[in-house]
Amino acid sequence: MAPLSGAKYSTLMPDVTIIGAGISGLSCAWTLKQLGIDATILEATPRAGGVIRTEKIGGYLVEAGPNSFQAAAPALQLVEELGLWDDLLPPAPHAPRFIYWDGKLRKFPFGPLTFSGILRLLREPFIRSKSSGDESVRDFFVRRLGRQAHDRLVAPALTGIYAGKTDNLSMVAVFPKIVEMESEHGSLTRAFLSTLRRRGKPAGPSRPKPKGAVFSFPDGVGALPKRLAEQLSIQYNVADAPIGNTPVTVVAAPAYLAADLLQHRQRELAALLKKIQYAPMVTAAVTVGDDSLNQPLQGFGFLAPRNQGLHMLGSLFSSALFPDRAPQGQQLLTCFLGGMFEPDAIDWPDARVWEIICTEIKTALHTSEMPKPVALFRQPHAIPQYNVGHEGWVIAVKEELKKTPGLFITANYLEGVSVPACIEQGGRTARAVAEYLGRRA
């Protein structure tokens, strides 16, 4: 198939068109800029950031998407390059995570487990079975850690990341490094101990890594795409983004939109993109007064296994985790509903959502008063699902891309849904674009 554009490489026009101003597209454009390559981003909405969205509402700082990002090298490197390093906001120290089990919040990881469940967990180094092919997350962890550890720890943790079902999610796609650890060492415990012994300094920012597993900013996670957008060329409210007007087009739009864009140019690729499932998500921010809590609110929040009688997937203690998220005397909690477990929740009336969220928060935290609504967000396509077979699907997508020189894809439905993973993929795509343009010059 012919390249996207017959135009010669020219400094009079952008070298690259990027479709989508989410964190993947923004990161790609930023890396291209560092490489001296002009890129224009076309965004269908009036704002940059994609699923990353921070709102200030009545004295509350509310996150509609990610509430923080992991302290991984790609993210910290970008933060340093953007001059945001001094604004990094670590979480409250010693903030425990909880699992809602049997009517109580129990500390992760051992709180929800029985004595027999802990004993089974400790047997992990002696389990000799290994993965054969692309097994589900559920099958892998039941095999290695036991059913109880899976049901009470792993499954709710994956709910907090993918809002998906572990019997559908692909182990090799979701946790490729853990699969490698088992393959190389025969045990996750032995692999972890080996990693500790030979741990070196990872590549990343020039400054020492700050303390904390996750970070935000005083103005929320939205400060990251906002700073990127200020440094880049973006056209907003572009409903029908053209493909082929520049030597390179990078599609950084969600899979279902990318499929529509490519339907008439690359039908096989479009058909593959249509196969990606998304978990719909309802995010509800509520507030409770300090005087209605029977003890100070501390910790990251809690996750709720599906057999514990709650509709909620879990809740983040946003104002306990980061400062200045709520007015004095109030606490802000960010709650989640729907996912692949109750996908129809995306269409529930506001009144029903608020009744469920407020009632279940009151039940879980034993507040003396009913929580009050702050903000409600609905995302029909919140999180792409890396189901069994995803690795083969990614290979097929890459093979189809080879048929159209000058066409690239970078997005959270390929090789990682986290903010750092999207940043890394965006940078990697930018370097591939630079190599392609270098060959054309």
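Values for this structure:
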| item | result |
| --- | --- |
| Residue within segment 394-409 that is within 18 Å of Val16 (Cβ to Cβ) and within 20 Å of the chain's Cα centre (by Cα) present | yes |
| Count - residues of segment 48-71 that are surrounded by fewer than 19 Cβ atoms within 10 Å (Cβ to Cβ) and under 30 Å from Phe110 (Cα atoms) | 1 |
| Test: residue in segment 336-344 that is outside the structural domain of Gly160 (by TED's automatic domain parsing), at positive phi and surrounded by fewer than 23 Cβ atoms within 10 Å (Cβ to Cβ) | no |
| Residue match in segment 372-393 (condition: in contact with a helix residue (DSSP H, G or I) (Cβ under 9 Å, 6 or more places away or on another chain), closer than 23 Å to Met281 by Cβ and assigned to a helix (DSSP H, G or I)) | yes |
| Flag for Thr404 being buried (at least 18 other Cβ atoms within 10 Å of the Cβ) and in a helix (DSSP H, G or I) | no |
| Residue in segment 164-176 that is out of contact with any strand residue (DSSP E or B) (no Cβ under 9 Å at 6 or more places or on another chain), surrounded by fewer than 16 Cβ atoms within 10 Å (Cβ to Cβ) and not in a loop (DSSP other than H, G, I, E, B) present | yes |
| Filter result for Pro109 (of a type outside the set (Phe, Trp, Tyr) and outside any helix (DSSP H, G or I)) | yes |
| Residue match in segment 106-128 (condition: closer than 30 Å to Ile423 by Cα and of a type in the set (Val, Ile, Thr)) | no |
| One residue from Pro280, Pro247 being touching a helix residue (DSSP H, G or I) at 6+ places or on another chain (Cβ under 7 Å), at pLDDT below 95 and surrounded by 15 or more Cβ atoms within 10 Å (Cβ to Cβ) | Pro247 |
| Candidate set from segment 216-243 (those that are surrounded by fewer than 21 Cβ atoms within 10 Å (Cβ to Cβ) and among the polar types (S, T, N, Q)); member that is nearest to Leu321 (Cα to Cα) | Gln231 |
| Residue match in segment 248-256 (condition: under 19 Å from the mean Cα position of the chain (by Cα), farther than 26 Å from Thr159 by Cβ and part of a strand (DSSP E or B)) | yes |
| Pairs with Cβ under 6 Å, 6+ apart, first in segment 377-392 and of a type in the set (Lys, Arg), second surrounded by 22 or more Cβ atoms within 10 Å (Cβ to Cβ) and assigned to a loop (DSSP other than H, G, I, E, B) | none |
| Answer residue from segment 364-376, given it is in contact (Cβ under 8 Å) with a residue 40 or more places away in the chain and out of contact with any strand residue (DSSP E or B) (no Cβ under 8 Å at 6 or more places or on another chain) and is surrounded by the most Cβ atoms within 10 Å (Cβ to Cβ) among those | His366 |
| Qualifying residues in segment 91-120 (those that are of a type in the set (A, V, I, L, M) and modelled with pLDDT under 95) - the one nearest to Met312 (Cα to Cα) | Ala95 |
| Of all residues making up segment 63-114, the number that are farther than 29 Å from Pro205 by Cβ and charged (D, E, K, R) | 4 |
| Some residue of segment 353-362 being under 23 Å from the mean Cα position of the chain (by Cα) and either in contact (Cβ under 8 Å) with a residue 60 or more places away in the chain or surrounded by fewer than 19 Cβ atoms within 10 Å (Cβ to Cβ) (or both) | yes |
| One residue from Pro371, Pro380, Pro349 being over 27 Å from Asp102 (Cα atoms) and over 25 Å from the mean Cα position of the chain (by Cα) | Pro349 |
| Residue match in segment 326-333 (condition: over 17 Å from Gly220 (Cβ atoms) and surrounded by 20 or more Cβ atoms within 10 Å (Cβ to Cβ)) | no |
| Candidate set from segment 254-271 (those that are in contact with a helix residue (DSSP H, G or I) (Cβ under 7 Å, 6 or more places away or on another chain) and buried (at least 20 other Cβ atoms within 10 Å of the Cβ)); member that is farthest from Pro380 (Cα to Cα) | Gln266 |
| Flag if Ser418 is surrounded by fewer than 22 Cβ atoms within 10 Å (Cβ to Cβ), under 22 Å from Leu257 (Cβ atoms) and of a type in the set (Ser, Thr, Tyr) | yes |
| Where Thr114 falls short, out of the listed (1) touching a residue at least 40 places away in the same chain (Cβ under 8 Å); (2) in contact with a helix residue (DSSP H, G or I) (Cβ under 8 Å, 6 or more places away or on another chain); (3) surrounded by fewer than 16 Cβ atoms within 10 Å (Cβ to Cβ) | (1) |
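The values are calculated or read from the model by the stated rules, or taken from the named source; none is laboratory data. Remember, predicted model here, so these are calculated numbers, not experimental data. Glycine also receives a Cβ, built like all others from the backbone with ideal geometry; neighbour counts cover every protein chain displayed.
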